[in-house]
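Enquirer: Below is the structure I would like to discuss, written out as structure tokens.
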Amino acid sequence: MASNPPIVALRNAALSFGGNPVFANVDLPVGVGDRLCLVGRNGSGKSTLMKALAGMVDLDAGERFQQPGATIAYLQQEPKFAKGGTVGQYVAEGLRPVQDNAPRDHLVEAVLRRLSLSPDTPTERLSGGEGRRAALARTLVSDPDILLLDEPTNHLDLPTIEWLEQELLNFRGGILLVSHDRAFLTRLGQKTYWLERGDLRRTNQSFAHFEDWADKLLADEEMQAQKLNRRIAEETRWLREGLTARRKRNMGRVKSLLASRRDRAERIRPTGKMTVTVETADGAGTAIIEANHIFKSYPTPEGGEKVLVKDFSTRVLRRDRIGLIGPNGAGKTTLLKMLIGEAKPDKGRVKIGFGVELAYFDQKREQLNPATSLWETLAPGGDTVFIGDKPKHVATYLKEFLFQDKQFRSPVGSLSGGERNRLLLAKLFCQPHNLLVLDEPTNDLDMETLDLLQEVVADYAGTVLLVSHDRDFLDRTVTSILAVEGEGVVTEYAGGYQDYLTQRPVPVEEAPKAAKAAAPKPERPKPPAAKLSYKDQRELEQLPGIIAKLETEIARLETLLADPDFFRRDAAGFQKSSALLERARAAVATSEDRWLELEAMREEVEQAKSA
């Protein structure tokens, strides 16, 4: 396949810090129309590699090439701001010079409005999340030839992420993208680069194929390593167990999640109003939270009233996994605080069940002491942690959270941001609690840690309240969605994010006819029957063929979109094919979920017959 002439490239590049190699023998070209994903564990060197490509760090060996006159825009994770300026001034400085000197303030205002930022805000008053959004705005208005984006979706809400996806699909230059957001990478990425142990591997397939490709590479390397070096083999086996072995267990977890979603759906009232009292459930130890007709508002500077939650009721039972979504400022945090008892509603009541113990995931990681070792953080003065009432050696426990032996006695301050998040998760889960509150835990986490967190949530015996903008993570973990939709409206939907999209009354976009016809219509879950109905049996038999046809269509579209000339040749066709691909993937996911549900029903019927 012909590749685009590079606008910027690294050739045989190598870089080390303190004698430790970050990467070596790296060849990475980025041309017009390229849509490249760069993935790897936190601390593997992805950000450093992007800085080298942007010309911000010097190479130890090799060379960096940039076409004369070409412009490169780099969104870094921790932007720097000069003192005394405003957000509007900072973003306007990113505008590309034009010959006619026509005013372009409207471009700045439009992007800032979309990213929920005021142009008059002083830059020194920006929070970390606001600072990243301001840097993203500056990057977008610069109209460069190449965009280098390091975790652009961090601190963005779901509507803004979807807007950003469309902006990047319309962008005519080249993109190199670092992100942990699988849905974001799947929508945008045509080729995938994997930075692992200093080596940069490449596949010309889209990100959707990355995990299967990476698993095969790791399996092949393990076989070779066993012949050459036992130490390398052990590290590779540890890594494989952190990825492949978990995925092999996913089928059982998917079935469990589907069963939990069916149970949750049966308890959701369409009106959102609850009449069940909590005392009996409390006695049985199953009720965690009950909210009855709660209302919350606050006064506006203009003398009016902004309603955040209006007449909302819900009942949360043990082992429910509830995802909270909605635009920034809609009231997610307010609702969460009311549900866990940290804020009181203006009207209505919230009752917390007897014996509920809460653990809160703190994004600022204030529970961690940078000077303390990982070992001491989890087991002060000893070598044992207790998970529930079962003792476990701290070394074994740290390995379960993907830490290596050499890190056990290292100070917390030596860890990357993602590794600190991983340690905080380990600390939370070795403390007694039965209600886990995760407020946007996916920020700054790499995919391995997201896989780990997914596994921990699936195996957790308590209840989870999860605020997240990661669509893929929500689909993998939650049993229902609380959508904070603005103007006080909060609606509960059974299932994950894709289920929310199919159930909500406002359509996003009409699905392609082929995908709509292939995807089975969502139905309200039904209790187990004595036998499968004719309709269910017929659907069970037809679904494998439907899925196979969809996968064939997905493969065709991925091949089409992998053509680097397609976007330049037909931008509208490229966007249409991208939308078709997304819908086909959603149809496959829906069909697979339905097949699993029907297959589980069939197994129940067979077991009942044989009993």
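The values are calculated or read from the model by the stated rules, or taken from the named source; none is laboratory data. Note that this is a predicted model, so its numbers are computed, not measured. Positions of Cβ are generated from backbone atoms using ideal geometry, with glycine treated the same way; all protein chains shown enter the neighbour counts.
Enquirer: Within the bounds of segment 131-154, is there any residue that is of a type outside the set (A, V, I, L, M) and either over 20 Å from LYS51 (Cα atoms) or assigned by TED's automatic domain parsing to the domain that holds ASN443 (or both)? Let's see the steps before the verdict.
Expert: Of all residues in segment 131-154, those of a type outside the set (A, V, I, L, M) come to 131-133, 138-139, 142-145, 150-154.
Of the ones still in play, those that are also either over 20 Å from LYS51 (Cα atoms) or assigned by TED's automatic domain parsing to the domain that holds ASN443 (or both) are none.
For segment 131-154, residues of a type outside the set (A, V, I, L, M) and either over 20 Å from LYS51 (Cα atoms) or assigned by TED's automatic domain parsing to the domain that holds ASN443 (or both): absent.
Enquirer: Could you please give the count of residues in segment 72-84 that are within 20 Å of GLY174 (Cα to Cα) and either exposed (fewer than 15 other Cβ atoms within 10 Å of the Cβ) or within 25 Å of the chain's Cα centre (by Cα) (or both)? Outline the logic, then answer.
Expert: To start, the set of residues in segment 72-84 that are within 20 Å of GLY174 (Cα to Cα) comprises 72-77.
Retained after the next criterion (residues that are either exposed (fewer than 15 other Cβ atoms within 10 Å of the Cβ) or within 25 Å of the chain's Cα centre (by Cα) (or both)): 73-77.
Going through segment 72-84 one residue at a time, the tally reaches 5.
Enquirer: Got at least one residue in segment 402-420 being surrounded by fewer than 17 Cβ atoms within 10 Å (Cβ to Cβ), charged (D, E, K, R), under 22 Å from VAL457 (Cα atoms) and not assigned by TED's automatic domain parsing to the domain that holds GLY462?
Expert: Within segment 402-420 (the criterion being surrounded by fewer than 17 Cβ atoms within 10 Å (Cβ to Cβ), charged (D, E, K, R), under 22 Å from VAL457 (Cα atoms) and not assigned by TED's automatic domain parsing to the domain that holds GLY462), the answer is no, since none of the residues qualifies.
Enquirer: Out of all the residues in segment 39-51, is one or more in contact (Cβ under 8 Å) with a residue 24 or more places away in the chain, crowded, with 16+ Cβ neighbours inside 10 Å, part of a strand (DSSP E or B) and small (Gly, Ala, Ser)?
Expert: Within segment 39-51, not a single residue is in contact (Cβ under 8 Å) with a residue 24 or more places away in the chain, crowded, with 16+ Cβ neighbours inside 10 Å, part of a strand (DSSP E or B) and small (Gly, Ala, Ser).
Enquirer: Let me ask something else. Quick one: would you say GLY43 is among the small types (Gly, Ala, Ser), under 22 Å from LEU168 (Cα atoms) and in contact with a helix residue (DSSP H, G or I) (Cβ under 8 Å, 6 or more places away or on another chain)? If you could, list the steps in order and put the result at the bottom.
Expert: Working: among the small types (Gly, Ala, Ser): yes; under 22 Å from LEU168 (Cα atoms): no; in contact with a helix residue (DSSP H, G or I) (Cβ under 8 Å, 6 or more places away or on another chain): yes.
No; evaluated as a whole, the condition is false for this residue.
Enquirer: Being in the same structural domain as GLN498 (by TED's automatic domain parsing), modelled with pLDDT of 85 or more and within 24 Å of the chain's Cα centre (by Cα) is true for just one of LYS399, LYS344, LYS427, LYS337. Which residue is that? Spell out how you get there, then give the answer.
Expert: Values: LYS399 fails: in the same structural domain as GLN498 (by TED's automatic domain parsing); LYS344 fails: within 24 Å of the chain's Cα centre (by Cα); LYS427 fails: in the same structural domain as GLN498 (by TED's automatic domain parsing).
Checking each option against the conditions leaves just LYS337.
Let's see how each residue does on (1) within 28 Å of ASP157 (Cβ to Cβ); (2) assigned to a loop (DSSP other than H, G, I, E, B); (3) not basic (Lys, Arg):
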position: MET56; (1), (2), (3): no, yes, yes
position: ARG64; (1), (2), (3): no, no, no
position: LYS83; (1), (2), (3): no, yes, no
position: LEU95; (1), (2), (3): yes, yes, yes
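Enquirer: For residues in segment 38-71 being of a type in the set (D, E, K, R) and within 22 Å of the chain's Cα centre (by Cα), which is modelled with the lowest pLDDT?
Expert: Start the filter on segment 38-71 by keeping residues that are of a type in the set (D, E, K, R), which leaves 41, 46, 51, 58, 60, 63-64.
Going one step further and asking which of them are within 22 Å of the chain's Cα centre (by Cα), we end up with 41, 46.
Values: ARG41: 79, LYS46: 90.
For segment 38-71, the residue satisfying everything is ARG41.
Enquirer: Six or more apart or on different chains, Cβ atoms under 6 Å: show the pairs whose first residue is in segment 382-406 and closer than 22 Å to GLY43 by Cα and whose second is among the aromatic types (Phe, Trp, Tyr).
Expert: Going by the 6 Å Cβ cut-off, the qualifying pairs are LEU398/PHE408.
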